[in-house]
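Colleague: I have a structure I would like to understand better, so I am pasting it below and will then ask my questions one at a time.
The values are calculated or read from the model by the stated rules, or taken from the named source; none is laboratory data. Since the model is a prediction, treat every value here as computed from it, not as a measurement. Positions of Cβ are generated from backbone atoms using ideal geometry, with glycine treated the same way; all protein chains shown enter the neighbour counts.
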Amino acid sequence: MPPGQGLFDGFEAQRTPSDDDYKAVLQQGLVVLDTNVLLDLYRMNCRVREDMLTVLQTLAERLWIPQQVITEFWRNRQSEELIAYHDRKADTAKQALRDAFSRANRAIEEWTRNVHADSELAAPLREKLSGAERIFEELKDMLDSQAAEDSVFGIRNTNTDPVITELERLLDGRVGLPFCHKCYTKELDRAKDRASRQIPPGFLDFESGKKDDEAAGDYFVWRQLLDEAASQRTDVLFVTRDLKDDWWRKASPKAIRMPRVELVNELRDLTGRRLFMVEPSVLMRQVSRVFKLEKKFDRNSVAALQHLETASEAADEMRRSASDTRYGLAQVPGGRSGDYVETIWIMAQLAEENSQLSSCIEKFMEYFPSITLVPEARRRLMNLVNLGLAVVQREQIYLTEHGRKFTENRDAELLCRLFMERIKGAAEVRDMQRRGIDISEVKDLLAEHPDLELSATQSDLLIRWMGKLGLLTR
């Protein structure tokens, strides 16, 4: 009888990792950290940060970091979002408390007017409300105190930042070399080619409208990981909080999360070894089990990491929903010759300073006096919502997290990325240009596109926006 194959022959990627598999790769394999794992050290509270550093210290001899990860780490480490992370979270909670107290105060005042209550009847209610205000102030002080405790002291100076001090010690000699110029150009072209054929990882970043060198980041991490695995001839455990579908296979929410089959196969074909992927919470749980560190870790640390991962997954889901529900555009005040990034930035500042929508529209019309009709002002202001920079709820306008970041940094790249993700027809224009179609023909093709339903005027407006944002190929 001729020899046959077994159940997993040719389907090795379907094998679920066992506890013994994790033990082996943690003790003998290559543990590769993604950028978000390093940056999240600043987002964790002080106890979780301490526990995660213990995890990394335990794995010190197994750690390896792709050069691309370090490049992205230094690019993002000094961002205000990261530096002020805990202060911002406390500010959000404090604002919610202020809003709750204001709503309670308005409710009492409205009740007093509606029932024509005299001052004697209303006095006990106002006294209770005053007591509640004192409690709210105490809560706000507690939030500030916890934010101060959780923030990394000395973060603005690498000489005083304890996270940098520890990472420098742990990663000495464990960071991969950068591509040479010739190799970088070659790998960038390869990343674009793979993305055009939706070969993971990284193709979703190209679809999001990022610049090519930024969109290629995930592929660069993967390429450098492959090269190191081939050099060391060992199994790899890749740790990441990036939960996009071009890293992980789609499965039931209750199923064990596993890397995409293409990635497992590519590493096995190149090295003959196995690829494992886990989120930081799973890494902490497995390190705790394998190295018997349960008594060292706070029992809430794994749950805290899971919360970070769940928040990341929810954000990815919102981005996917935004790509499914795409939005149109209105004209930008200032005419065709204006700076669109500057104008949107001014509009976002107006929204930040005037949360009452009617007040915001009034200020908008004062700033842009050429807009004289309220409906037109409102329609143009809604560009902020369509771009994902603001939301409107019950005639209040609030900046989103993206909106706050854009307002703080006047981040043109962020604006362009949101534009490509959310605006109807933008991805189609980019695709047509990549196929070599002249921009003069694009407008007609947009009007004929069965899924877009764009008029000639809307198509012209879309192309004008993309030109002003530098999203058209010259």
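Colleague: Which condition breaks for Phe206 when tested against (1) touching a residue at least 40 places away in the same chain (Cβ under 8 Å); (2) surrounded by 13 or more Cβ atoms within 10 Å (Cβ to Cβ)?
Modeller: Of (1) touching a residue at least 40 places away in the same chain (Cβ under 8 Å); (2) surrounded by 13 or more Cβ atoms within 10 Å (Cβ to Cβ), only one is false for Phe206: (1).
Colleague: Would you pick out the residues in region 171-191 that are free of Cβ contacts under 8 Å to residues at least 12 places away in the same chain, in a loop (DSSP other than H, G, I, E, B) and on the phi < 0 side of the Ramachandran plot?
Modeller: Just the residues of region 171-191 that are free of Cβ contacts under 8 Å to residues at least 12 places away in the same chain, to begin with: 172-173, 180-186, 189.
When the remaining residues are screened for being in a loop (DSSP other than H, G, I, E, B), the result is 172-173, 180.
Hits for region 171-191 are Asp172, Cys180.
Colleague: On to the next question. Here's a check for you: in region 67-92, which residue that is out of contact with any strand residue (DSSP E or B) (no Cβ under 7 Å at 6 or more places or on another chain) and within 17 Å of Gln224 (Cβ to Cβ) is surrounded by the most Cβ atoms within 10 Å (Cβ to Cβ)?
Modeller: So the first thing to find is which residues in region 67-92 are out of contact with any strand residue (DSSP E or B) (no Cβ under 7 Å at 6 or more places or on another chain), and the list is 68, 71-92.
Next, from what is left, pick out any that are within 17 Å of Gln224 (Cβ to Cβ): 68, 71-75.
Details: Gln68: 23, Thr71: 15, Glu72: 21, Phe73: 19, Trp74: 11, Arg75: 12.
Selected residue: Gln68.
Colleague: Got a sec? Which helices (runs of 4 or more DSSP H) wholly within region 38-145 have at least 3 residues that are closer than 30 Å to Val163 by Cβ, out of contact with any His (no Cβ under 6 Å at 6 or more places or on another chain) and of a type in the set (D, E, K, R)? Spell out how you get there, then give the answer.
Modeller: Details: elements: 46-58, 67-77, 80-83, 85-114.
Those helices (runs of 4 or more DSSP H) span 46-58, 67-77, 85-114.
Colleague: If Glu262 satisfies all but one of (1) closer than 30 Å to Ala304 by Cβ; (2) surrounded by fewer than 20 Cβ atoms within 10 Å (Cβ to Cβ), what's the number of the condition it fails?
Modeller: If we test Glu262 against (1) closer than 30 Å to Ala304 by Cβ; (2) surrounded by fewer than 20 Cβ atoms within 10 Å (Cβ to Cβ), just (1) comes out false.
Colleague: Would you mention how many residues in region 294-333 are aliphatic (A, V, I, L, M), at pLDDT 60 or above and surrounded by 13 or more Cβ atoms within 10 Å (Cβ to Cβ)?
Modeller: In the first step, residues of region 294-333 are kept if they are aliphatic (A, V, I, L, M); the result is 302-305, 308, 311, 314-315, 318, 322, 329-330, 332.
Checking the rest, the ones that are also at pLDDT 60 or above come to 302-305, 308, 311, 329-330, 332.
Next, only the ones that are surrounded by 13 or more Cβ atoms within 10 Å (Cβ to Cβ) stay: 302, 304-305, 308, 329-330, 332.
Result for region 294-333: 7.
Colleague: Does region 213-225 contain at least one residue that is farther than 18 Å from Leu39 by Cβ and modelled with pLDDT under 90?
Modeller: Looking through region 213-225, at least one residue is farther than 18 Å from Leu39 by Cβ and modelled with pLDDT under 90.
Colleague: Just need a number here: residues in region 429-444 that are small (Gly, Ala, Ser) and in a loop (DSSP other than H, G, I, E, B).
Modeller: 1
Colleague: Can Arg62 be described as among the basic types (Lys, Arg) and surrounded by 15 or more Cβ atoms within 10 Å (Cβ to Cβ)?
Modeller: Details: among the basic types (Lys, Arg): yes; surrounded by 15 or more Cβ atoms within 10 Å (Cβ to Cβ): yes.
Yes.
Colleague: Quick one: in region 265-281, of everything that is in contact (Cβ under 8 Å) with a residue 12 or more places away in the chain and part of a helix (DSSP H, G or I), which residue is surrounded by the fewest Cβ atoms within 10 Å (Cβ to Cβ)?
Modeller: Step by step, filter region 265-281, then rank; the result is Leu270.
Colleague: Right, here's the next one. Does any residue in region 152-170 that is touching a residue at least 12 places away in the same chain (Cβ under 8 Å) come within less than 8 Å, Cβ to Cβ, of a residue that is hydroxyl-bearing (Ser, Thr, Tyr) and outside any loop (DSSP other than H, G, I, E, B) six or more places away or on a different chain, and which pairs are these?
Modeller: Taking only residues 6 or more apart or on different chains, the pairs are Val152/Tyr42; Ile155/Tyr42; Val163/Tyr42.
Colleague: A further question follows. Please determine, by comparing only the residues of region 408-428 that are more than 17 Å from the chain's Cα centre (by Cα) and part of a helix (DSSP H, G or I), which one is farthest from Gly470 (Cα to Cα). Reasoning before the result, please.
Modeller: Step one: filter region 408-428 for residues more than 17 Å from the chain's Cα centre (by Cα), giving 410, 423-428.
If we keep only those that are part of a helix (DSSP H, G or I) as well, we get 426-428.
Working: Ala426: 12, Ala427: 14, Glu428: 16 Å.
Selected residue: Glu428.
Colleague: Further question: For region 217-224, does any single residue satisfy the condition of being surrounded by fewer than 18 Cβ atoms within 10 Å (Cβ to Cβ) and in contact (Cβ under 8 Å) with a residue 12 or more places away in the chain?
Modeller: First, pick out the residues of region 217-224 that are surrounded by fewer than 18 Cβ atoms within 10 Å (Cβ to Cβ): none.
Scanning region 217-224, I find no residue that is surrounded by fewer than 18 Cβ atoms within 10 Å (Cβ to Cβ) and in contact (Cβ under 8 Å) with a residue 12 or more places away in the chain, so the answer is no.
Colleague: Ok, one more. Within the set of pairs 6+ apart or on separate chains, which have a first residue in region 18-31 that is outside any helix (DSSP H, G or I), a second that is of a type in the set (S, T, N, Q), and C-beta atoms under 9 Å apart?
Modeller: Taking only residues 6 or more apart or on different chains, the pairs are Gly29/Gln232; Gly29/Thr234; Leu30/Gln232; Leu30/Thr234.
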